[in-house]
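The values are calculated or read from the model by the stated rules, or taken from the named source; none is laboratory data. Keep in mind the model is a prediction, meaning the values are calculated, not measured. Note that we place each Cβ from the backbone using ideal geometry, even for glycine, and neighbour counts take in every protein chain shown. We work out accessible area using only protein heavy atoms, side chains counted, and drop any ligands, DNA or RNA first. Shrake-Rupley method; radii C 1.70, N 1.55, O 1.52, S 1.80 Å.
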Amino acid sequence: MSDVKTEAVTVSVINQLPDASIQGQSPLFHADLATIAKSGPKTGGVTLKEEALLGHLTLRMNPENADQLKAAEKVLGVALPTQPLTSASKGDVVVRWISPDEWLVTVPGLKAFEVETAFQKEMKGHFQVVNVSGGQTIVKLSGKYAQYVIKKSSPIDIHPSEFPVGKVVTSVFAKSSAIIRRSGENEFELVIRRSFSDYLWLWLQDASREYGLVIEA
C-alpha cells in the first residue's frame, strides 16, 4: 500500500468591493470630451454628453412572479416596468424594459456592486443579474435638433405620438445598434456598446455638424 502525499492548497479570495481610488476610464475616455467641452462651442442645436461610468446591470426574471417583482422593487426603489418598450426611474436609478423577461438597470457606478449583492439576498427562485458595466456606456443627446440626429441614424418613428417620454427601443443606429430612450421632450439616451463607441462618437459628430454640436462635460 503506497503512501498518499497531500499538499496544502492556499486559496486567495479577491475582494470584489469597488475601490474608489482606482480611476475608471469610460469607453469615450480617449475622446477627452471634458477638454472639448471647455474649448468648444457653447451654443448649438445639439448637445452631447457621455453619462460615463454608470453601473449597468441586466436583470432576467419571471414578470408574472409577484414575489420577484416585489423583491426587485425593494432593491431598486422603483417597480419594474412590465409594459413593453417602457421605462421607470426614481432618483439616479433607471430601469429599461428590454424584452418580456429582461431589463437594463443603470445606477451610479459605485452602487452597482451594492445593488447586485442586494438582488442575490432578496430575490428567490430562478433569476439572473449580471454586471455589464464595462461593456457599454450612455450618450445623451439633447437640444432643439436632437431628434433630427436620431432620424438620420435610426429607422424608428420618434414622433411624440409614437415615441413619448419614457419609451425605450432597441434599434439599428447608423451601422451599429443602440438602446434608445426618450428621457425628455428634446432629450434622448443612447446605450451603446464599448466596441462601437468610437465609431458612433465620430458618426454623431458628423450627423450633428449642420445643427451645431455642443459637448457637455
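Some points to look at:
- Choice from 192, 150, 36 with maximal GNM fluctuation in the chain (Cα, 10 Å cutoff): 36
- Working from Cα pairs under 8 Å separated by at least six residues, relative contact order for the chain is 28 percent.
- Counting DSSP beta bridges with both ends in the chain, the antiparallel % (nearest 5): 95
- Scalar couplings 3J(HN,Hα) for the range 86-99, obtained by applying the Karplus form with A = 6.51, B = -1.76, C = 1.60 to θ = phi - 60°, are 10, 9, 9, 8, 7, x, 9, 10, 10, 10, 10, 6, 10, 7 Hz; x denotes Gly and Pro.
- Note: the range 54-178, Cα convex hull, 113 Å³ per residue.
- For the chain, fraction of C-alpha pairs farther apart than 21 Å, in %: 59
- Of all lysines in the structure, the ones whose alpha carbon falls short of 22 Å from that of residue 121, not counting any fewer than 8 places away in one chain, are 70, 74, 90, 111.
- When the Cα atoms of the range 129-217 are aligned to their principal axes, the ranges along those axes come out at 34, 27, 26 Å in descending order.
- Label-point gap, in nm, between residue 175 and residue 64 - each point 7 angstrom along Cα→Cβ: 4.3
- Site pair residue 82 and residue 101 shows an inter-label distance of 1.5 nm when each label is modelled 7 Å from Cα along Cα→Cβ.
- Expected 222 nm ellipticity per residue - DSSP helices of 4 or more, -39500 (n - 2.57), all of the chain, to 500: -6500 deg cm²/dmol
- Anchor residue 124: aspartates and glutamates whose Cα lies under 20 Å away (excluding residues fewer than 8 positions away in-chain): 64, 67, 73, 101, 102, 114, 116
- The range 133-199, relative contact order in percent, only Cα pairs under 8 angstrom and at least six apart counted: 41
- Counting only Cβ charges, +1 for Lys and Arg and -1 for Asp and Glu, the dipole size of the chain around its Cα centre is about 460 debye.
- Residue 130/residue 206 FRET efficiency (R0 30 Å; Cβ-Cβ; nearest 0.05): 0.35
- Set of lysines near residue 49 by C-alpha distance (under 17 Å), chain-local residues within fewer than 8 positions excluded: 38, 140, 144
- With every protein chain in place, the chain: carbon and sulfur % of accessible area (1.4 Å): 53
- Per-bin percent of Cα-Cα distances, the range 174-217 [5 Å]: 5, 19, 24, 30, 19, 2
- Per-residue SASA remark: residue 187, around 50 Å² accessible (1.4 Å probe; ligands, DNA and RNA not included).
- For the range 49-104, accessible area per residue (1.4 Å probe, heavy atoms of protein chains only), Å²: 48
- Listed residue (211, 82, 53) projecting farthest to the positive dipole end of the chain, Cβ model: 211
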